[in-house]
Structures are given as C-alpha cells and as structure tokens.
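Asker: Once you've had a glance at the structure underneath, I'll fire off some questions.
The values are calculated or read from the model by the stated rules, or taken from the named source; none is laboratory data. Everything quoted here is computed from the prediction, not taken from an experiment. Here the Cβ positions follow ideal geometry from the backbone for every residue, glycine too, while neighbour counts run over all protein chains shown.
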Amino acid sequence: MMSMKTLGVEAVAPATSANLGAGFDVFGVALDVLFDSVYVEKTADKQIAIMVDGVGANSIPTEPAHNTAGIVARELLETAGEKCGLILRIKKGVKPGSGLGSSAASAAAAAVAINELLGLGISSKELIGFAAMGEIASAGAPHADNVSAAILGYFTVIRSYKPLEVVGLPLPKNVEFAVVIPEISYTTSAARAVLPQKVDRSDLVYNVGHAATFMAGIVLNDVDLMGKGMSDSVVEPARAHLITGLAQVKEKALEAGAAGVTISGSGPSVLALVNSEKAEAEKVAEAMKEAFEKYGIKSQTLRAKPGAGARITRREL
C-alpha cells in the first residue's frame, strides 16, 4: 500500500518575551496567548512565495530575503538539498514591533511546518538555529532568545551561541505575567542600535548577580526572588528613552503587586512578573495601562502564563 503524500502543513508558534531583565539575548519565555500560524505547501517551481494576513500584515515584507519565515525556508531547502519551491501563508497574531517576539513566532512556526512537510527529521533544538537565522530580517543578527522559547516552550536559556546550545526549564506554577502593549513605534534594529558598545565592570557584576538571582528563584520555586532578579543596568537604561513614561509604568506595576517588571524584549511592551498566590495579573496590567494613559499613550493589556512551544496543527494529505 502506497503512503499518502503530504500536500500542506500548518504550525503555530507563540508570542515570547526575551531578556526578562538582565538576561539579554539569553533568557526567553513562551506565553500562552497570541500566536502566529504558518501554512506551507510544496511547489515544483523552486521559488519561495509568501502571503501574509492578520495583525500588522501590511508592515510585513513578502520578499523571502526580507521575511523571517522566508529566510528560514531558504535555509532549510538549501540544507536539505530539496529541488522544490514553497508557498508560505502566514497569519499574524503577534503584533510586529511589539517586543513580544512577532518575527520569532513566524520563524519558529515556519521551521516546524517545513521540517514536517519535507520529512527532514530535524530535532527541535536544531530547528532553533534555522529559526534564529530568520531574525536577521528584523534585528540584523541571528539571535536565538525568542525563537528558542517559541520552539521549545516555557523558559529557555541560551548557554552558548557558538555552538548553539539551549537549556529548557519549567517555571514555578504560580508564575503569571501582566503585559501592557503601548502604541509606541520603533524597530528592533533601532532598539539594538542604542545599546552601548562597552560595559563598565560594575554594571557587568550587577547584571550577572541579577541574572543569577532570577535563575535561583526558578530553582527554589520562589517567584518573588525571580522578581528581585529582573533588573538590568545595561540594556534597559539605554532603551528607556524610547518608551515614554517607562519609570512610572514600572513603579505602578510594583505598587499593584508585581514581583518584578521590565521591558519585554526590545519593547515597547512592558512585562511584569506576578506571583499569582499574592497578586492579580489583571490589576497589575491595568495599573500599567493607566500609567501610560497619563502620558496620553493608549495601550492594550494581556494576562499570560508560561506556555508550550510551536506545534503542528494541520496536515493535508
């Protein structure tokens, strides 16, 4: 009996938050709200075609060389030696430029779908490297913090970039996140351009100590200790001027019961860590929204928990 040929595969990948304070380009967490989906079909013309729909679709380039999913598709085809083309239908659920891993969600979903469609048998951890290549389109560099969390789910740590090694960890059950997404616009590339080229030793020590504290909180199942580690003396200060009212938003989040608060990825979203046994994520999110409103800035809020990574949602035979 002949096996049926797969005609198309769809995968979804979640929104993510990177850095989480002092873990710049190293820490990432998958959220259980907001998803991108990518449906992939095989074609005989050896070209990659991309169609985009959903939130912020008009701002997403469809040229494969400038699209995160397109770069992933090209890299996977070249590695596999496949003599075919692909059609990618991307549906955006994660707003581009929000600091919630929008490009990573598309890249991760594309990597998982193409791997399944072509029967490449590439492991999830190996797929991270391909998905990270897609980040060149949005950030100018193949950083893996968001895509690691988007593929593996929950909390991830980049132990090494060369070679790429990623560690995945579960978070305490009482971890929740309050997120506010302000109507502030700038690119990921612009957010990376303001970063300092050199770091003072005292700032290095500060960040190592806080990143270690965040990890200690995970190991000890102590959300409040995790929150104490969510402070950064290098990246966030350099980006603070990009987000009007950031200091006041953080202050109000802490007053509302947040264990810790920081810029989500490159921003402008702000993410607060909440111990669900002591505070309500909705109230923290609302407090941050009200703080932005005092500066005339509209925003949206989300309540999220750590979530699973990318998965196949449809196969067409």
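Asker: Looking at Ala107, Ala30, which one is in a strand (DSSP E or B), closer than 30 Å to Leu273 by Cα and touching a Gly at 6+ places or on another chain (Cβ under 7 Å)?
Answerer: Ala30
Asker: Taking the stretch 26-37 as the region of interest, how many residues are crowded, with 23+ Cβ neighbours inside 10 Å and touching a Leu at 6+ places or on another chain (Cβ under 6 Å)?
Answerer: Count: 1.
Asker: Which of the residues that make up the stretch 53-79 are more than 18 Å from Leu120 (Cβ to Cβ) and buried (at least 23 other Cβ atoms within 10 Å of the Cβ)?
Answerer: Ile60, Asn67, Thr68
Asker: Taking the condition of being buried (at least 23 other Cβ atoms within 10 Å of the Cβ) and either β-branched (Val, Ile, Thr) or modelled with pLDDT under 95 (or both), how many residues in the stretch 118-129 meet it?
Answerer: 1
Asker: So, in the stretch 237-257, of the ones that are in contact (Cβ under 8 Å) with a residue 60 or more places away in the chain and part of a helix (DSSP H, G or I), which residue ends up farthest from Phe292 (Cα to Cα)?
Answerer: Top of the filtered list is Ala253.
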